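Have a look at the structure below before the remarks.
The values are calculated or read from the model by the stated rules, or taken from the named source; none is laboratory data. Everything quoted here is computed from the prediction, not taken from an experiment. In this analysis, Cβ positions are derived from the backbone assuming ideal geometry, glycine residues included, and neighbour counts consider all displayed protein chains. Surface accessibility is based on the protein's heavy atoms, side chains included, excluding ligands, DNA and RNA. Shrake-Rupley method; radii C 1.70, N 1.55, O 1.52, S 1.80 Å.
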Amino acid sequence: MVSVSDAPAAVDDLSVKLDKLPGARVAAYRELALALAKLALDDYAGFAESLAKVHGTTEPRLLARLGLAQIQRGDLKAAATAVAAVQYFGKDKADAEPLAEQVSVGLLLAAGLPEQALERASKLDGSRARMMRAQALIDLDRGREATVELDAVLAVSPDNLEAQILREYARSLEATGAARTDALEALEKLGRKAKSKLGRHAMGMAQLAAGNLDEAKKRLGQALEDISDD
């Protein structure tokens, strides 16, 4: 994950024209790093453009990272294709690649299987794994546990807008009265900051959980308007 503060410098460095073309492996990693930096800057069209240039190597860790990026883009077929191509050679079966496992967890979440996703994600470390555990816990209506996971992510990356949105969503599931109102208001403000529709979607689901059906329908409708790579 590339932080928002580091992303502009990363894009500048990775966009420098080279006198000599790099090999396929280096070029693939370069485009993947550039894609993730663009994602941190909410440049979704650029993110998709750079992802399309990641090819030419079958290295397991690169394929797993590509699969994770495709999950973040929402292209589940491409994510599944990338992780399915991960292969290991040797007489003994290799340990599961943690990054490839994260892709599998992401696909389980997208398939509406949070129990299975949580079980597999519980064996993984890192901020992205915590985010996935938090999403699974939210889907299981276990907001307090999800908040703990997201607090840990924000302690390391306080500018992570996705984690901020999910935290307020999780907090709204557990809160009542004034505390729930505070969480929903915070979620509304974060939704306005986000260029993606994540905030609107989270707001709609939070309102649905609170029993505010008309408001939930309105917010989920907003989350579906004008969908594009940008």
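So here's what we get for this one:
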{"read-out": "Which listed residue, of Ala45, Ala28, is over 26 Å from Arg130 (Cβ atoms), at pLDDT 80 or above, touching an Asp or Glu at 6+ places or on another chain (Cβ under 9 Å) and surrounded by 15 or more Cβ atoms within 10 Å (Cβ to Cβ)", "value": "Ala28"}
{"read-out": "Top-ranked residue in segment 14-25 [being modelled with pLDDT of 55 or more and not hydrophobic (A, V, I, L, M, F, W, C); ranked as farthest from Pro158 (Cα to Cα)]", "value": "Lys20"}
{"read-out": "Filtered residues of segment 170-196 (kept if within 28 Å of Ile227 (Cα to Cα) and of a type outside the set (Gly, Ala, Ser))", "value": "Arg171, Leu173, Leu184, Glu185, Leu187, Glu188, Lys189, Leu190, Arg192, Lys193, Lys195"}
{"read-out": "Of all residues in segment 211-227 being part of a helix (DSSP H, G or I) and open to solvent by 70 Å² or more (accessible area, probe 1.4 Å), the one that is modelled with the lowest pLDDT", "value": "Leu224"}
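Okay, residues lined up against (1) at pLDDT below 95; (2) among the aliphatic types (A, V, I, L, M):
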{"position": "Ala134", "(1), (2)": "no, yes"}
{"position": "Leu150", "(1), (2)": "no, yes"}
{"position": "Leu166", "(1), (2)": "no, yes"}
{"position": "Ala178", "(1), (2)": "yes, yes"}
{"position": "Glu185", "(1), (2)": "yes, no"}
{"position": "Gly191", "(1), (2)": "yes, no"}
